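Before any comments, here is the structure.
The values are calculated or read from the model by the stated rules, or taken from the named source; none is laboratory data. Keep in mind that this is a model prediction, so the values were computed, not measured. Glycine also receives a Cβ, built like all others from the backbone with ideal geometry; neighbour counts cover every protein chain displayed.
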Amino acid sequence: MKLTTLLCCFLLFTCSTYAQDAVRDWGRPPLVPGITELKIGDQVPDIIIDKIINSDKRSIRISDYKDKLLVLDFWDTSCTVCIASMPKLDSLQRVFGDQIKLLSVTYQPEDIITKFFKNSRYLNERNPPVHRASVVDDRILRSYFRYETNPHVVWINKGKVVAITGGEYITSENIQTILNGKRVNWLLKTDHFDSSIPFVTLSPLWQYASDSPYYSYSILTGQAASVPAEGGIHFNQDTISNNTRLAILNQDIYTTYQMLLHNTKVYHEEDATKGLMYLPHPSRIILEVADPTRFLYKKEYGEYADWNKKNLICYELVKNGLEDKAMMAKLAIQDLNNRLGLNGRYERRKVKCLVFVNTDKPISDTLALDKGGEPMWTLVMMHLDMNKKFPPAINETGFVGGLNMQPYDGTILGLRKEMQRHGLDLIEAEREIEVIVISESK
């Protein structure tokens, strides 16, 4: 199995930048000429939205929702963050019923999307299975609501654009806020921003300063409202100026440390098969701080947008020379530790885990990976850690082949019975594992 495939699945839960960059590279059909881009506050024309799959209606009109909330969630099959959110969207649609319409939209052709929904184990093994109502072959909506990165969410209430956001704003609380008739002032998602440009553009008088081997600077700010909340680390080596830049935009402190620490390591293909690449499971990240409310948002902390204004950060580090990403991540952690009075690091600690183990029976009902067999690392990541509701999972079987998995009910008991059918087992046990610890420095 290719390393790129393994990394793609891992990055599904750590950031969205890589999926977003892939969208730019894919190329999309051109915009429809003569259509003016709509902004917040604009009335939406009575557009006919056709080519809808997984729905009882093949086409709808904007006027069908003149008294309701219509949420357009733009996505594509390269946006793993979009795919990960689909079970939540289905659940919210069931909760709010005919008060709202959560409609996925993609420019990709119908045959590709139909095949995707048919073959996606992640979506098909949800309970119930997820088959999102989605517009395919879209050009019209993308012409009215232009974007570069996914997810891109347009909120249309009673025929008027009331918000344009990232996918993180699709919550039951935010939906209810609009249904209650309250005005929202959420952070506008804008793609008209070049994340490769440094925060500071030096005066021409200083243009030779960067030639010095001592040249470096870092900047730490709060939330930048004009900057899109792009996930991931922006990293580039400028061979002309001979410097290296690392930047993180509008992220919470918890996620910032998580991404930086992950990037201090260099992962290889065999790391995934050995179980050395893991998701940012809550039990793998430990906060030992007096005030955890400023590190990671929870519903009980109040309005999401208000919390973001107080607690999100932007960070940039620029250094003379062409440094690799792991070195820049290490320097950034040291710098942030000093600035924030923290100590973020990896440690090994004993944690209750779910452990895949061998039994005295031979491993049976295997299937070659290139034939669709399920590798053990996907059982760890996709079946367990991805849900974030079970203890962290570990693979101790040493098995590097594929299993011919059969559907189960999504519970630990159901997965254990399926493992036992293959001559393996899934047990709960305490293990010493590597975790991220963020504590206040002494």
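Please enumerate the residues belonging to the range 405-424 that are under 20 Å from ALA368 (Cα atoms) and either in a strand (DSSP E or B) or free of Cβ contacts under 8 Å to residues at least 24 places away in the same chain (or both).
Selection gives GLN406, GLU418, LEU424.
So in the range 237-273, with the set limited to residues that are part of a strand (DSSP E or B) and among the hydrophobic types (A, V, I, L, M, F, W, C), which one is modelled with the lowest pLDDT?
Going residue by residue through the range 237-273, those that are part of a strand (DSSP E or B) are 237-238, 243-251.
Now narrow it down to the ones that are among the hydrophobic types (A, V, I, L, M, F, W, C): 246-249.
On the way: LEU246: 95, ALA247: 94, ILE248: 93, LEU249: 88.
Ranking the qualifying residues of the range 237-273, first place goes to LEU249.
Of the conditions (1) part of a loop (DSSP other than H, G, I, E, B); (2) surrounded by 15 or more Cβ atoms within 10 Å (Cβ to Cβ), VAL355 clears all except one; give me its number.
Every listed condition holds for VAL355 apart from (1).
Condition check: outside any helix (DSSP H, G or I), closer than 27 Å to PRO392 by Cβ and of a type in the set (Ser, Thr, Tyr). Does TYR315 satisfy that? Spell out how you get there, then give the answer.
On the way: outside any helix (DSSP H, G or I): yes; closer than 27 Å to PRO392 by Cβ: no; of a type in the set (Ser, Thr, Tyr): yes.
No: the conditions fail for TYR315.
Per-residue answers, yes or no, for (1) exposed (fewer than 14 other Cβ atoms within 10 Å of the Cβ); (2) assigned to a strand (DSSP E or B); (3) at pLDDT 95 or above; (4) at positive phi:
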| position | (1), (2), (3), (4) |
| --- | --- |
| ASP67 | yes, no, no, no |
| LEU72 | no, yes, yes, no |
| THR77 | no, no, no, no |
| LYS88 | no, no, no, no |
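Touching a residue at least 40 places away in the same chain (Cβ under 8 Å), assigned to a helix (DSSP H, G or I) and within 24 Å of ILE48 (Cα to Cα): is that true of SER143 in this structure? Before you say what the answer is, go through the steps one by one.
On the way: touching a residue at least 40 places away in the same chain (Cβ under 8 Å): yes; assigned to a helix (DSSP H, G or I): yes; within 24 Å of ILE48 (Cα to Cα): yes.
So SER143 passes the test.
Can you name the condition, by its number, that ARG416 falls short on among (1) in contact with a Gly (Cβ under 9 Å, 6 or more places away or on another chain); (2) at pLDDT 90 or above; (3) not aliphatic (A, V, I, L, M)?
It is condition (1) that ARG416 fails.
Before we move on, is VAL130 within 24 Å of GLY373 (Cβ to Cβ), assigned by TED's automatic domain parsing to the domain that holds GLU173 and buried (at least 18 other Cβ atoms within 10 Å of the Cβ)? Even if it seems obvious, please write down each step before you answer.
On the way: within 24 Å of GLY373 (Cβ to Cβ): yes; assigned by TED's automatic domain parsing to the domain that holds GLU173: yes; buried (at least 18 other Cβ atoms within 10 Å of the Cβ): yes.
Against the criterion (within 24 Å of GLY373 (Cβ to Cβ), assigned by TED's automatic domain parsing to the domain that holds GLU173 and buried (at least 18 other Cβ atoms within 10 Å of the Cβ)), VAL130 qualifies.
Filter the range 155-188 for residues that are more than 16 Å from VAL95 (Cβ to Cβ), in a helix (DSSP H, G or I) and either among the charged types (D, E, K, R) or modelled with pLDDT of 95 or more (or both) and give the result.
GLU168
Filter the range 55-97 down to residues that are acidic (Asp, Glu) and touching a Ser or Thr at 6+ places or on another chain (Cβ under 7 Å) and give me whichever is farthest from TYR169 (Cα to Cα). Working first, answer last.
Taking the range 55-97 first, the residues acidic (Asp, Glu) are 56, 64, 67, 73, 76, 90.
Then drop every residue that is not touching a Ser or Thr at 6+ places or on another chain (Cβ under 7 Å), which leaves 73, 76.
Values: ASP73: 11, ASP76: 18 Å.
The qualifying residue farthest from TYR169 (Cα to Cα) is ASP76.
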